[in-house]
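One structure is given below, encoded as C-alpha cells.
A short reminder: the numbers here are calculations on the coordinates, not readings from a lab. It should be emphasised that the depicted structure is a prediction, and the values quoted were computed from it without experimental measurement. Here the Cβ positions follow ideal geometry from the backbone for every residue, glycine too, while neighbour counts run over all protein chains shown.
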Amino acid sequence: MIRGRKRKPLNSGTYGCVPVRPVLPVRTLAAIDADGVVGSAGITTRSGRRLHRKAMRAAERERLSWDSELGQQAPKTSEDTEGRERLPMTTSTNMGWVRYAPKIPWHMASVSESGMLSPLGVSGWPRLEGPVIGHSVINGNVWRFDAWSPYRYDGTSVNGWIIGTMGSGKSTLLKAFTTRETTSPWNRQVLIEGDPKGEWAAVALANGGQVVEVGNGRYLNPLDVAEKPAAVTDEDWASTVFGLRVGALESIASVLRKGRVFDPGERAVVSAALAELQRRTAVPTVAGLTDLLDSEWKQRVTVRGMQRSQVERTASDLTIIYNTLVEGDLKGGFERESTVDLDPSAPMIVFNTGSVGSGEDLRKRLYNACMNSAVDRLCYSHDGRFRIIVAEEGYELLQDPALVKAWQKRMRLCGDLGTSSWMLMHELQDIEKFAPEGSDHLKQIKSILTLSGVQIIYSQSPASLKAMGSILGDDLSETELLTIEQLPAHWGLWRVGKQIRDVVQADMGREAFQLFRTDANRAG
C-alpha cells in the first residue's frame, strides 16, 4: 500500500512487504507431498503421467540440492507410510539464522486438481496474535503466538505442554517463546519452576532477570507469603495464606514420604500447629513448626475428632519428617527465614536447581516442592502481572501427587491468578511410571494433559506415539500421528484448541540460537 495524500510512491523511508502463498483447502494440502508435487492419481493421459514423472524427478533433484545447501535433514519416509496422509511440509530454513521468505516449493497442478474454488487465494496473517515465534513449514507464514492469544481467539485454555525427544528442539523453542513474551508490548513475567541443568540461568541474566539459588547460607522459606492485595479483605487473605502454607507443608511431606499426602488426622494436626505458630510469630518456618510439634504443645492441644494419644503420635511422626530439613541431610535451604528476596518486577525469574547432583533425586524433588510454593506466593499476590510458569522438568513434578494437585489447581485458577502454566516433558509414555492405572494420581496427570489448550509435539518414539494416541484419544487424528512420526529436528506440531494445527519452526539469529541451544556438547 502506498501512503500519502496523492498516492504517490514514497521518496524516503521504507516499504513493508509480506510474502504470501496460495491457500489450498486442508484436505487437498494433505495430499501434496513435501515437495509440493501433486500425486498422479488424478492424471489420466499418458503425456500427463510422463510429464508428472519428469516433474517428480526435477523436484527430487531440487530437494536434495536444497537440503545439502542448508545442511538440513529431510522428513523421514518409510514403506509403511505409503498411502497414508500427513500434513504437507516445505523444505525448512536452517537453524541458527533466518532466510527471509523461505523458498516456495515447485509444483505443477491444474486449478481443478488443486481443488481451488477461485483462481488465486492469498494467505494472510496467522489467526493468533503475539510476538513472532517462527514460521509455518506448511505455508511459510509468519507464526505469532502469545500465551493468552488462544483464549482471545476462541476461548481455548491458556495452559499448555511441550514434549519431544532429546535434541528435538523443544527447549530451544520454549526459550525463544518465553523470552519474546517478556518484551513490549506483551510484558509477561516468566517463572521457571526448577532449572536442573542450569541452562535457563544464562537466558534470564541476558534478559535482565533474576536467578534464585539456595544453599551455602542462602535460604528460601516455603511458608513466606506476599503482601496482602489492596482489593482483598483481611479475612479472605488470612484464609488464602493459611491454605497456601498447609499446601506447602503437604508438598514437602509428600516428597519426603515418596508420594504419600496428608491423611485427615495429619492435616488436622498440621493445621492446629500452624495456627498456633502464626499466633506466636509473624513469619512461620519449618524449623519453628518442627520445634512446636516436638514440644509439650502436642500434649495440651485439642484436635476435634482425635484422641490425645492419636494427636501425640501424629505430631511425633510429623516431627521426624520435617526434622530432615532442620537437622538431617536435607538441611540448609528451606528451614529458616528467607535470605533471598524475590523481585516481582523481574521479567524472568529462574529457580536454579542445577546445584543438586544428578543422583540426589530426593533433594531435587524437595527443591521442586519448595520452589513451587515460592511461585504460588508470586501468583497469589494479584499484582496485575500476567505470568507464564514453566516446569522445565515436567516428569519430576508429575511424580509427586501433591505437586500434581497444586499444578492442576493453578490451571483451574488461571483466570483469577493471571497465569499460563507450561510443562516440558520428553515422552508421554513416561507417565506410566508415575502412578498405577486407575489411581487418582494418574487421573490428575491425564487431566493436565488433556485439558491443556495448547499442545506442542516434537519427534517421538513409536512407543510414545502409541501412548499419545491412548491418552488423547479421538482428538488426535491419524494424519497428525503420521506427521509427528516424520518430524525432523526443530519442527513441532502445534495443536491449539480444536481448530488450529500447524507445523512450526522457531526462527532466531545466531546469537540467540547459541544462548538457547542445549546440544552443544552432545556430538562429543
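Under the 0.36 nm per residue contour assumption, what length would be gained going from the current alpha-carbon distance of ASP343 and ARG313 to full extension?
That works out to 6.7 nm of additional length.
Given labels modelled 7 Å from the Cα in the Cβ direction, how far is it in nm from ARG280 to SER461?
About 5.1 nm separates the two model spin labels.
With 25 Å as the limit, write out which pairs from LYS409/LYS433; LYS170/LYS433; LYS433/LYS466; LYS331/LYS409; LYS170/LYS258 have Cα-Cα distances beyond it, or answer none. Intermediate values should be presented prior to the final figure.
On the way: LYS409/LYS433 23 Å; LYS170/LYS433 22 Å; LYS433/LYS466 15 Å; LYS331/LYS409 29 Å; LYS170/LYS258 29 Å.
Cα-Cα > 25 Å for LYS331/LYS409; LYS170/LYS258; rest within.
Just the Cα atoms of the range 301-442, one point each, no solvent: what log10 I(q)/I(0) does Debye give at q = 0.10, 0.11 Å⁻¹?
Log10 I(q)/I(0), no solvent term: -0.46, -0.56.
When the Cα atoms of the range 224-339 are enclosed in a convex hull and the volume is divided per residue, what value in Å³ results? Can you show the working numbers first?
Values: hull volume 13.0 nm³, N = 116.
Taking the convex hull of the Cα positions in the range 224-339, it is 112 Å³ per residue.
Quick check: pseudo-label points 7 Å beyond the Cα along Cα→Cβ at GLN299 and ILE320, how many nm apart are they?
Calculated label separation equals 2.0 nm.
Rounded to the nearest 0.05, what FRET efficiency do LYS331 and ARG257 give with R0 = 25 Å and r taken as the Cβ-Cβ distance? Could you check? Can you show the working numbers first?
Values: r = 18 Å, r/R0 = 0.71.
That gives a FRET efficiency of 0.90.
Once the principal axes of the Cα atoms of the range 420-460 are found, what is the range along each, listed largest first in whole angstroms?
Principal-axis extents of the range 420-460 (Cα, largest first): 26, 23, 12 Å.
Counting alpha carbon pairs within less than 8 Å and at least 6 residues apart, what relative contact order, in whole percent, applies to the range 259-347? Don't skip to the end; give the middle numbers.
Numbers: 70 pairs, mean separation 28.1, N = 89.
With pairs under 8 Å counted, the relative contact order is 32 percent.
What's the ranking of 237-250, 361-374 by average number of surrounding C-beta atoms within 10 Å, highest first? Write down the numbers at each step before the final one.
Working: 237-250: 18.6, 361-374: 22.3.
With the highest mean Cβ count within 10 Å placed first, the list reads 361-374, 237-250.
Determine the principal axes of the Cα atoms in the range 210-249, then give the extent along each, sorted from largest to smallest and rounded to whole angstroms.
38, 23, 13
Within the range 378-395, find all residues whose amide N lies under 13 Å from a label point positioned 7 Å from the Cα of LEU413 along Cα-to-beta-carbon.
378-383
Just order 433-443, 413-423 by mean Cβ neighbour count inside 10 Å, highest at the front, would you? Each step should come with its number before you reach the end.
Working: 433-443: 13.1, 413-423: 20.1.
Result, highest mean first: 413-423, 433-443.
Report D for the range 424-495 in µm² per second (integer): Stokes-Einstein, Kirkwood Rh on Cα pairs, 37 °C, 0.692 mPa s. List each step's numbers first, then the result.
On the way: Rh = 12.8 Å.
Stokes-Einstein gives a translational diffusion coefficient of 257 µm²/s.
For the pair ARG267/VAL232, report the inter-label distance in nm, with labels modelled 7 Å from Cα in the Cβ direction.
Output for this residue pair reads 2.0 nm.
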